[in-house]
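The values are calculated or read from the model by the stated rules, or taken from the named source; none is laboratory data. All of these numbers come straight from a predicted model, not from anything done at the bench. Every residue, glycine among them, receives a Cβ derived from its backbone with ideal geometry; neighbour counts consider all protein chains shown.
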Amino acid sequence: MKKPSRRQFINTSLALGAGAFLNSCQSTKTVESGQLPIIISTWNNVQANNAAWETLTEKGNILDAVEAGARVPEADPADQSVGYGGRPDREGNVTLDACIMDKDGNCGAVTFLQHIKHPISVARKVMEETPHVMLSGAGALEFALEQGFEKQDLLTEKSKQEYIKWLETAEYKPKVNIELHDTIGIIGADSNGDLSGACTTSGLAYKMPGRVGDSPIIGAGLFVDNEVGSAVATGMGELVMRSVGSFLVVELMRQGLSPYEACKEAVMRIVRRQDTAELQVGYIAMNKDGTYGAYSIKPGFVFAVTDENGTIVKDAESYE
Ligand code: GLY
């Protein structure tokens, strides 16, 4: 594997700095051919991809890489749809969902987790340190604290003030393409074509207390099958859960569809059966040779691709 130099990487990061990424968007109207190794993630998570790539370069472990990538927006208070700084539920509590899956089909998840900045790392601990796949709520928090994670307040002043403003009307209306962020899903393949994926979110802003979306649900928000490929979802979780979206994408690839065609068909299943008038869903997927694709219901969905040439943000094709 030809590894990128650190300089090449930093140059790419600088080129895609704040506000600049839109200029770098490329359309994906055709099936994408890829190369190994490769990292792709939902939205303009350039820094997440870069962290994942650096981890892959240094450690050679694709599971470590996707976890490292997911931790970037989790720690970023400016990202109000993931981790620390996430928008709260309608009672003012930040509740987090995440899952992770490796090449051997091992997986771990947490739902309705409060007070822990890095739910993706707790999900990995669930996978590696327990006989279970998913821990939720108070049990997930107790487990995280036992594992040495620090308890902290995740509601930033910005998200708190927005919540107080929201309470004036308390109108519940999910927004499409919030700040080009929403859930981060990150999937990758190492130089052997071995796969892993991670998905993490604070879920829908002002959701009902206890609401859990697609992101921590293996098969809905994320699925990895090392024989075939991987897929991850972003957007309105209820639409994805009803169609078991990421599992569907991978199964469609198993039947011979390209990642792009599989993402498109999974979106079309939603569009044909559910009301999507005000709602967005986007999928990204890759197969074992690094070929990748994406598709969304509405325009505006972008995704970040990193390979040995650096990182670029691409514009997904959409139904509308
Ligand atoms: N896709 C994130 C959520 O619906 O919670």
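For residues that are within 12 Å of the ligand (Cβ to nearest atom) and over 26 Å from THR55 (Cβ atoms), scanning just segment 209-219, find the one that is surrounded by the fewest Cβ atoms within 10 Å (Cβ to Cβ). Steps first, please.
Looking only at segment 209-219, we keep the residues that are within 12 Å of the ligand (Cβ to nearest atom), and these are 211-217.
Adding the requirement that they be over 26 Å from THR55 (Cβ atoms) leaves 211-213.
Details: ARG211: 17, VAL212: 20, GLY213: 24.
My answer is ARG211.
Among residues of segment 281-296 that are farther than 15 Å from LEU36 by Cα, those with a Cβ under 8 angstrom from a residue that is basic (Lys, Arg), sequence gap 6+ or separate chain, pair up as ALA294/LYS314; TYR295/LYS264.
Here is a yes/no grid of residues against (1) of a type in the set (Asp, Glu); (2) surrounded by fewer than 24 Cβ atoms within 10 Å (Cβ to Cβ); (3) modelled with pLDDT of 95 or more; (4) in contact with a Ser or Thr (Cβ under 9 Å, 6 or more places away or on another chain):
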residue	(1), (2), (3), (4)
ARG254	no, yes, yes, no
CYS263	no, no, yes, yes
ARG272	no, yes, yes, no
THR276	no, yes, no, no
THR306	no, no, yes, yes
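Figure legend. Inter-residue proximity from segment 104-115: first residues at pLDDT 95 or above, second residues among the basic types (Lys, Arg), beta-carbon distance below 6 Å, spacing 6+ or different chains. Indicated pairs: GLY108/ARG124; HIS115/LYS151. In summary, SER230 fulfils each of the numbered conditions (1) assigned to a strand (DSSP E or B); (2) among the hydroxyl-bearing types (Ser, Thr, Tyr); (3) within 14 Å of the ligand (Cβ to nearest atom) with the single exception of condition (3). Comparison of VAL249, VAL224, VAL240 shows that the only residue that is more than 16 Å from the ligand (Cβ to nearest atom), among the β-branched types (Val, Ile, Thr) and surrounded by 23 or more Cβ atoms within 10 Å (Cβ to Cβ) is VAL224.
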